[in-house]
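Working notes for the structure below.
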Amino acid sequence: METKQLWRLTALLGVLWLVLCGCEIRSEQPSHAGEQQALTAAGTSRYSISWTMHLNLPVPENAEMVRYIEDKFNVDLDIWNLENNRYEALLDMKLAQGAIPDLFRIRQPQDLLKYERQGLLAEIPEAMLEQYAPNLVNAIREHAPDDLEYGKIDGKYYGIPVVNPTNIYRIPVVYRQDWLDRLGLNVPDTLDDFEKVIYAFTNDDPDGNGVKDTYGLSSEGMNIVFGSFGQIVFADQIYFGEKDGSLAIGALQPEMKEALGYLRKWYKDGVIDPEFITGENKGGYKHLSHAFINGRIGMTSMGNYYHWIQKGDYFTYDEEDHTSGKDVPVEASFNAKELTAKNPSARIAFGRPFSGPEGKRGSKAYDLLMSFTAIGANAVKEPGKLEKILQILDYVSANPDLDESTAMKYGKQGKHWEWAGLSKEDVVVLPPYDRMFSYQNMIGANLGMTVPLIPTERREQWAATLGLDQDGIYNALAVATPSLTKNAQELIKLKNKAYIAFITGERPLDEFDAFVQEFLKAGGSQVLQEADDWYRQHSVQ
C-alpha cells in the first residue's frame, strides 16, 4: 500500500513539474467528442463570443437562456442588440468602427458576397462544419441541398444557409369581406373581375358612411396586378424570372408596360390610394397595413399569412387549461386584430391571385433561402473558437432532443412553457410570458437559426388550406453576384422612381423602353449577365 501511494505521489509531482516547465502533455487516447477536441485545441480558455440574432427587443445582459448556454459551453456571449427593422444600418455602423461579430448574421442573402469581399468573414472548412455542426448540416442537406451550395464563394463555405420552411406559403391576397357583401360582389378571380371590384370599392360607398373616402388598392396590391402578368416589381430586391432558358429581370419585361397601363388608368380615375407612394404602413410594426386597417382601401397583399389570422380561423389548444385536451378557436393576430379593434364588424376574405390576359397569376413569395449565418473574420484568430461557435450553433438550432430544441426556442420547461399534451405537438407559453411581446428576446432564447424542417403546426396546416402553397412567385436568383452587390440599391431606386412616374402620369408610358435602356446602362446589363451566368451553372440540365 505504501509503495502504491509513493508511486502516485511521484507521478503527480512529475506532472506538476511538466506544467511548471511549460511542457505539453499529450494524451495517448484521442477524443472523438467535438467539444473535447475544441478544448484540446485551445486549452481550457473561456471564449468571449459576440453574437448577432433576430431581435424585436433587446436581450438583457442577465438573460437566463444566455446564461444557460454560457454555463453549458464555458463561454461568455456578447449579444449585439441590433433591432431587426434597422439591422443592416446598425450593423454597418459597428463594422465601420472596426468591430466584427463572431457569429455573423447576414439578414439579406445578397450581402454574403459583399461582406466576404470586404474581408469580414472567415472561411468555414467543410470538414469542420460537418464535424462540429452535424445536426445542422444534415437538416439542410436532407431538405434543402441546393441551398447548402449557395453558401460557397469560390468553392469555399462562408455562409451557412438559413432556410425558412414556412416560406413555401406565398404572401396572401386579402379583401374586405364585409365590403364585398355590402356591394353584392364575389372575390375576383380575373383581372377584369378585380377591376370591377376596386371601382366599386371606390365609388359605391362600401363602408356605408355616405362619404367618398375609400379606394380599391394601394402599393402592396399592385404586385398582384404585376403577378397577373407573371412578374413581381415592388420588392426590396430585384426579382428575376426564367425566360426561354435564361434569367430575365421582371421589371424590364415588355408585358409590364401593359400592366402599367391598367395602374395608370386606375390612378387617373381615383381608384388607387393617392398616398400609395409613401406605402401602406405608417410606422410601428412594419407588416401592418394601416391603409387597410383604417378602412381606406379594400384590398391588400401586405404581410404574411400569420399576420391575417381572424378569431376562429382554426382551432388550437386551450391555453387557459392546456391539460384539458380541449381545443378552442384561435385568437386574431396583427392586421386582423387591429382591423376588428377599430371596426368590430369588419371581416376579411382570402383570394387566389387573379389571373391576367394570358392566364398567369401569382403573388410575391419570400425566398426559402432567408439569410446566411457566417463566422466573423476575427473569430479564427483564437485557436478552437470557430469549433466552439459551430458547436453552440448546432446545439441551439438543430438539437435532435425535442425537449432541448424546444427549450432553445421558448425557454425553460415548466417556467416559460409546457407541452399541451402527451403528444408533444403544441407548446403552451405560461403566464406571464404568454402576454409579453417577444418574451423570447427578454429571456435570451432563440439564439439559433432556422432549419428547413417540414412545417406541421396548426397555423401552417391552416395556411395550406388557403392554397398559399400555390401561385407563389419566387426570385429565380438565389444569391448575389458582384455587380448586384454593387448596384442593387441604386437600380431599385431607379426602377421604383420610373414605375411611380408611369403610374401617376408624370412620365409617358411610351418611354418604358427608354427606362429599360436607362436601367441597363446604370449597371443592369452587367447584373443581368452575371445572374444568367450563375443560373446556367446551377440550373438542372
Flagged in the range 457-477 as assigned to a loop (DSSP other than H, G, I, E, B) and either in the same structural domain as SER218 (by TED's automatic domain parsing) or of a type outside the set (Gly, Ala, Ser) (or both), in numbering order, are GLU457, LEU466, LEU468, ASP469, GLN470, ASP471, TYR474, ASN475, LEU477
Scanning the range 283-303 residue by residue, those surrounded by 18 or more Cβ atoms within 10 Å (Cβ to Cβ) and under 22 Å from PRO165 (Cα atoms) turn out to be SER301, MET302, GLY303
- request: Answer yes if at least one residue in the range 163-176 is within 22 Å of the chain's Cα centre (by Cα) and more than 24 Å from GLN470 (Cα to Cα), and no otherwise.
  value: no
- Message: of a type in the set (Ser, Thr, Tyr), out of contact with any Pro (no Cβ under 6 Å at 6 or more places or on another chain), surrounded by fewer than 18 Cβ atoms within 10 Å (Cβ to Cβ) and outside any loop (DSSP other than H, G, I, E, B): is that true of TYR175 in this structure?
- Response: no
### Check on ASP236, within 30 Å of GLY119 (Cα to Cα) and of a type in the set (Asp, Glu)
yes
Filtering the range 485-512 down to residues that are more than 24 Å from ASP111 (Cβ to Cβ), part of a helix (DSSP H, G or I) and without any contact (Cβ under 8 Å) to a residue 40 or more places away in the chain yields ALA498, ALA501, ASP510, GLU511
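For residues that are surrounded by 16 or more Cβ atoms within 10 Å (Cβ to Cβ) and farther than 20 Å from LEU120 by Cβ, tally how many sit in the range 393-431.
23
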For the structure I just gave you, tell me whether ARG182 is crowded, with 23+ Cβ neighbours inside 10 Å and of a type in the set (D, E, K, R). no
Checked pairs for the range 345-359, first closer than 17 Å to ASP313 by Cβ, second surrounded by 20 or more Cβ atoms within 10 Å (Cβ to Cβ), C-beta under 6 Å and 6 or more apart or across chains, list as ALA346/LEU339; ILE348/VAL174; ALA349/TYR175; PHE350/PRO172; GLY351/VAL173; GLY351/TYR175
*asked:* Scan the range 125-148 and tell me whether some residue there is under 30 Å from GLN489 (Cα atoms), part of a loop (DSSP other than H, G, I, E, B), in contact (Cβ under 8 Å) with a residue 24 or more places away in the chain and over 19 Å from the mean Cα position of the chain (by Cα).
replied: no
Of the candidates LEU103, LEU148, the one satisfying the condition of being within 30 Å of ASN81 (Cα to Cα), of a type in the set (A, V, I, L, M) and at pLDDT below 95 is LEU148
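For the range 401-438, which residues satisfy the criterion of being of a type in the set (Ser, Thr, Tyr) and under 16 Å from THR456 (Cα atoms)?
SER405, THR406, SER423
Quick check, is LEU95 out of contact with any helix residue (DSSP H, G or I) (no Cβ under 8 Å at 6 or more places or on another chain), buried (at least 21 other Cβ atoms within 10 Å of the Cβ), over 19 Å from VAL479 (Cα atoms) and free of Cβ contacts under 8 Å to residues at least 40 places away in the same chain?
For LEU95, the condition - out of contact with any helix residue (DSSP H, G or I) (no Cβ under 8 Å at 6 or more places or on another chain), buried (at least 21 other Cβ atoms within 10 Å of the Cβ), over 19 Å from VAL479 (Cα atoms) and free of Cβ contacts under 8 Å to residues at least 40 places away in the same chain - is not met.
Could you grab me the full set of residues in the range 196-236 that are of a type in the set (D, E, K, R), surrounded by fewer than 17 Cβ atoms within 10 Å (Cβ to Cβ) and not in a loop (DSSP other than H, G, I, E, B)? Outline the logic, then answer.
Initially, the range 196-236 is screened for residues of a type in the set (D, E, K, R), giving 196, 204-205, 207, 212-213, 220, 236.
Narrowing further to those that are surrounded by fewer than 17 Cβ atoms within 10 Å (Cβ to Cβ): 196, 204, 212-213, 236.
The answer is LYS196, and nothing else.
Report yes if some residue within the range 214-237 is in the same structural domain as ILE492 (by TED's automatic domain parsing) and farther than 18 Å from SER301 by Cα; otherwise report no.
no
Can you tell me which residue among GLN470, GLN461 is surrounded by fewer than 20 Cβ atoms within 10 Å (Cβ to Cβ) and modelled with pLDDT under 95?
GLN461
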Only one of ASP313, ASP321, ASP327 is out of contact with any helix residue (DSSP H, G or I) (no Cβ under 8 Å at 6 or more places or on another chain), within 22 Å of THR166 (Cβ to Cβ) and either modelled with pLDDT of 95 or more or surrounded by fewer than 19 Cβ atoms within 10 Å (Cβ to Cβ) (or both), namely ASP327
ALA251 fails exactly one of (1) of a type in the set (Gly, Ala, Ser); (2) buried (at least 21 other Cβ atoms within 10 Å of the Cβ); (3) farther than 27 Å from THR485 by Cα, namely (3)
If we keep only residues of the range 304-337 that are among the small types (Gly, Ala, Ser) and part of a loop (DSSP other than H, G, I, E, B), then the residue farthest from the chain's Cα centre (by Cα) is SER324
Item to complete: Answer yes if at least one residue in the range 118-132 is crowded, with 21+ Cβ neighbours inside 10 Å, out of contact with any helix residue (DSSP H, G or I) (no Cβ under 8 Å at 6 or more places or on another chain) and not hydroxyl-bearing (Ser, Thr, Tyr), and no otherwise.
Response: no
Original post:
Yes or no: ILE160 crowded, with 24+ Cβ neighbours inside 10 Å and not assigned by TED's automatic domain parsing to the domain that holds MET302?
Top reply: yes
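The values are calculated or read from the model by the stated rules, or taken from the named source; none is laboratory data. Because the structure is predicted, anything quoted here is derived from the model rather than measured. With ideal geometry, Cβ positions are generated from the backbone for all residues, glycine too; neighbour counts draw on all protein chains shown.
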